[in-house]
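The values are calculated or read from the model by the stated rules, or taken from the named source; none is laboratory data. Please read these numbers as outputs of a predicted model, since none were measured by experiment. Here the Cβ is made from the backbone with ideal geometry for all residues, glycine too, and neighbour counts use every protein chain on show. For accessibility, only protein heavy atoms count, side chains too; no ligands or nucleic acids. Shrake-Rupley method; radii C 1.70, N 1.55, O 1.52, S 1.80 Å.
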Amino acid sequence: MGSVGVSNSCVMVCAPLMAESVGEIVDEMYCAKAQGADLVEIRLDQIKDLQPRKDLEFILTNKSLPVLIVYRPKSEGGLYEVDEATRLEALLLAHQLGADYVDFELKMASDLIKELKTQQTGSKIIVSCHLNGPTPSIQHLTHLAATMQATGADIIKLVSSVNNITEINRIFQLISNCKVPIIAYSVGERGLISQILSPKYGGFLVYGSIEGSSILGVPSLQSLREAYKVECINSDIKVFGLISKPVSHSKGPMLHNPTFRHMNYNGIYVPMFVDDLKEFFTVYTSPDFAGYSVGFPYKEAVIEFCDEVNPLAKSIGAVNTIVRRSSDRKLIGYNTDCEASITAIEDALKEHGHNNNGGESFNSPLYGRQFVLAGAGGAGRALAFGAKSRGARIIIFDIDFERAKGLADVVSGEPQSFENLEHFKPEKGAIFANATPLGMHPNTETNPISMTNLRNYQLVFDAVYTPRKTRLLKEGEAVGAITVSGVEMFLRQAIGQFNLFTGKEAPKDFMREIVLAKF
C-alpha cells in the first residue's frame, strides 16, 4: 500500500499573513516559522497605507521565511479597488526586488511574463485565477489550466468556491493531471479536504493558518504538522473521514491520524462536510476513499447507501462506520456506538460500587434500571438497543414523537414527547442519557434538562464530546450524580472503527493516552 512516513519533499506549507502593517507581518512571519510554515503569503491589499517600495524592502530585508507576494483586487476576492496601473507597478517591484514568489492574475499575466523571464531576479512567477461561484466542470478547469500554463508561468494557481464537497473531486483530478507545479483548492468549510489532501495528488503547496488567525476552510499549521503530518502524505495513502454536517467540531483527526502512524498504517483521517449523501457516494468511488465515520445527522439515512449492513447495525437502524471492502469496493455499514456507549455507562456504575444486578441472564448493572433517553436519532438508537440488551427499562423522549414511538416499539420501551422531559419523575437509581446535539460546541449553554431535575438521576451520560465536560455533565456532578462523558464513548467507538478500517487490533492504551492529553 505504499511506504509509511516517507517525506513528500515536494509539498510546502504556506501561512497566509493578514496583518495590516509591515511590522506585524514580520512578527507573524516568525510565529509562522515557529509553527512549521515553509513560506508565507503576504497580501499587500491588506496593508493599510501601503508604500510599495519602502514596505516591500522592509519585508524582504527582515523576512525569516520565503515570501509569496499577492496584491489581490476586489474582483478576485481581495481588498484593492483603485487603479490597476498602481497595483501592477507594486507587483513588478516585488519581482524586481527578488521576492521568492509573485502572484499575477491571469488577466494581466499574458503580456508580462515573457518580459519578466528575461530579468534574473530569482523570483518565481505564479499565475492565478479566482473563480466565482461553484467549481466548473473538469473540462473547463483543464482548459483554464492550459491557458494559464501557456503564459509561461513557473506555477499556476486556481481557487474556486464550493457549494458541495463533491466539486472538490474535480480539483483533485486537475492536480493529478497537471504538467506544471499547481496550487489548487476550494475555499470555505466544505473545501477543507482540498487543502489537506492536495499532497496526495501532487499539489505544490497547502495553506495553514497561524495560531490565533483561523481562516474558515484552512487547517491550522499545528494540525497540518501534528495531526495530519502533511509532509508524509503520499499518493498511495488511504483516505478515511467523518461524514457530518457540521463537521468543524470533530476531534477524530487528532485521534485516528497519530494511531495510523503508530501502527505503521498508510492512512489519513479528515473531516468531510457533506450536504448530499447520494451525490457524495456517487462521486467518491475510488478505492483510496476506504472508509468513513458517520456523524450527525446521517447515521440513519446513510444505511440506504450501504451495499451491506452488519446485523447489529441493521437491527439498530443506524450506521456510524462504513468500510469499503477492497475485494469488490462495496460499502459495508457497522455500528460501533452501541457497545461503546453502554460499556462506558456500565463501567462507571461498577467503579462506583454498583455491580451486576441481573444474575447470569443479564450480567449488567443496568438490568432492571429505568433508562431515560433524550433523542431517538442515530446515537439514541445505539443507546436504546444497548440498554435493551442489558435488560434496562427504556423511556424515550424526542422532539419527533413518532420517531420516539418507532424506536420504543422495537426496544419494548415507552415513548414520550420531548416537552414532557422536564416534568418527568424518574425512579430511584435511574440513568439519564443525552443523545441530542444540545450542549455541543458552539452552543454550549443549551441543555436537554434542568439542574433541578438532574437531582433525580443516579448517573448522567452525555453523548456530546465537544466540549469534553458539557454543561449537562457539570450540573450532573454538582448534584452528586455519576457522570460519563461522551469522550469515553468516542474513544471506545473509535477503537472499534480502527479495527474495521485497518483490519488490525487497535492500540487501546495509546489511543486512550491521546484522548486524555488532547481532548
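Figures for the structure shown
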| quantity | calculated |
| --- | --- |
| Test: residue in the range 184-198 that is among the β-branched types (V, I, T), more than 30 Å from E300 (Cα to Cα) and open to solvent by less than 10 Å² (accessible area, probe 1.4 Å) | no |
| Answer residue from the range 359-410, given it is within 29 Å of the chain's Cα centre (by Cα), assigned to a strand (DSSP E or B) and of a type outside the set (D, E) and is nearest to T446 (Cα to Cα) among those | A374 |
| Answer from R492, R512, R471 - the residue that is charged (D, E, K, R) and open to solvent by less than 70 Å² (accessible area, probe 1.4 Å) | R492 |
| Inter-residue pairs, beta-carbon under 8 Å, first under 23 Å from T436 (Cβ atoms) and in the range 479-501, second open to solvent by less than 10 Å² (accessible area, probe 1.4 Å) and among the charged types (D, E, K, R), 6+ apart | T483/D462; V484/D462; S485/D462; G486/D462; M489/D337; Q493/D337 |
| The range 58-76, residues that are at pLDDT 95 or above and closer than 28 Å to K107 by Cβ | I59, L60, P66, V67, L68, I69, V70 |
| In the range 232-249, residue farthest from V294 (Cα to Cα) [restricted to those that are without any contact (Cβ under 8 Å) to a residue 60 or more places away in the chain and in a loop (DSSP other than H, G, I, E, B)] | S248 |
| Qualifying residue in the range 344-356 (condition: of a type in the set (A, V, I, L, M, F, W, C) and part of a loop (DSSP other than H, G, I, E, B)) | no |
| First in the range 26-38 and farther than 14 Å from L68 by Cα, second anywhere and open to solvent by less than 20 Å² (accessible area, probe 1.4 Å) and part of a helix (DSSP H, G or I), Cβ under 6 Å, 6 or more apart | Q35/L221; G36/L221 |
| Top-ranked residue in the range 425-468 [being among the small types (G, A, S) and crowded, with 18+ Cβ neighbours inside 10 Å; ranked as farthest from the chain's Cα centre (by Cα)] | A430 |
| G429 part of a loop (DSSP other than H, G, I, E, B) and closer than 17 Å to D347 by Cα | yes |
